[in-house]
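Step one of this worksheet: look at the structure below.
The values are calculated or read from the model by the stated rules, or taken from the named source; none is laboratory data. For clarity, every value in this text was computed on a predicted model and none was experimentally measured. FYI the Cβ positions are ideal-geometry reconstructions off the backbone, even for glycines, and counts take in every protein chain you see. Heads up: the accessible areas ignore ligands, DNA and RNA and are worked out on the full protein's heavy atoms, side chains in. Shrake-Rupley method; radii C 1.70, N 1.55, O 1.52, S 1.80 Å.
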Amino acid sequence: MLLFLFALIFVIIDLSWAQFAKATLQHAVRAGVRYAVTGQTGTSPKGVALGQVASIQQVVQQESMGFLTDASKISVQFFTPGTNPPTACPSTTAGCNAGGNLVVVSVQNFTVNPFAPLLRNGSPVTFTVSAGDLLEPAATPPAL
């Protein structure tokens, strides 16, 4: 009976941890989209000016509570509306971040390992989070 109780407690902890990680990353990508919509750019910790994509990735990293340690897992995409489906615009092309375009920030295939792999043979929980919105019109879009 005690073994069953411990197993149940560890399953609840593992599922809660995975849900907490997903909710935290969802908050982080939403914060990145809110930052992207305003058209701002930031600076690195060394004071170097960043482009808009790097600034968005930096905001997502800061809001992820340490889950994301490198920006390579953070995807920032721009889309031109008016076509069905919207046309993807490479984030290295100038003008993709113009006002009225869509911005989608996502973290794909993020894995959370269980604390106590009792019933799931130790396989990690994998999930994807994303958020998007329309960019505000600006006189000149910031550098990518």
Exposure ranking of 48, 37 by accessible area [1.4 Å probe, largest first]: 48, 37
Between 0 and 90°, nearest 10: helix 52-63 axis offset from the chain longest Cα axis: 30
Phi-based couplings in Hz for segment 12-26 (Karplus 6.51, -1.76, 1.60; Gly and Pro marked x): 5, 5, 4, 5, 5, 5, 5, 5, 5, 4, 5, 5, 5, 5, 5
3J(HN,Hα) from dihedral phi, segment 97-106, Karplus parametrisation 6.51/-1.76/1.60, rounded to Hz, x for glycine, proline: 9, 6, x, x, 7, 8, 10, 10, 10, 9
Where a label projected 7 Å from the Cα of residue 116 along Cα→Cβ would reach, residues of segment 4-22 with amide N under 12 Å: 4-15
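Would you mind calculating the gained length between residue 84 and residue 43 on full extension (0.36 nm times residue separation, minus the Cα-Cα distance), in nm to one decimal? Each step should come with its number before you reach the end.
Values: separation 41, 0.36 × 41 = 14.76 nm, distance 3.59 nm.
Additional length available on full extension: 11.2 nm.
At R0 = 25 Å, how high is the FRET efficiency between residue 92 and residue 50 if r is their beta carbon distance? Nearest 0.05 is fine.
0.95
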Residue 71 versus residue 34: modelled label distance in nm, points set 7 Å from Cα along the beta carbon direction: 2.1
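Please list 80, 140 in order of solvent-accessible area, largest first, computed with a 1.4 Å probe with all protein chains present.
On the way: 80 60, 140 105 Å².
So the residues, ranked largest to smallest area, are 140, 80.
Just to confirm a number: summing +1 for Lys and Arg and -1 for Asp and Glu over residues other than residue 24 whose beta-carbon lies under 13 angstrom from that of residue 24, what do you get?
Numbers: positive: 22, 30; negative: 63.
Net of charged neighbours comes to +1.
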Computed E for residue 138/residue 109 - FRET, C-beta separation, R0 35 angstrom, nearest 0.05: 0.60
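Restricting to Cα pairs below 8 Å that are 6+ residues apart, what does the relative contact order work out to for segment 1-106? Please round to a whole percent. Let's see the in-between values first.
Details: 120 pairs, mean separation 23.7, N = 106.
Worked out over segment 1-106, it gives 22 percent.
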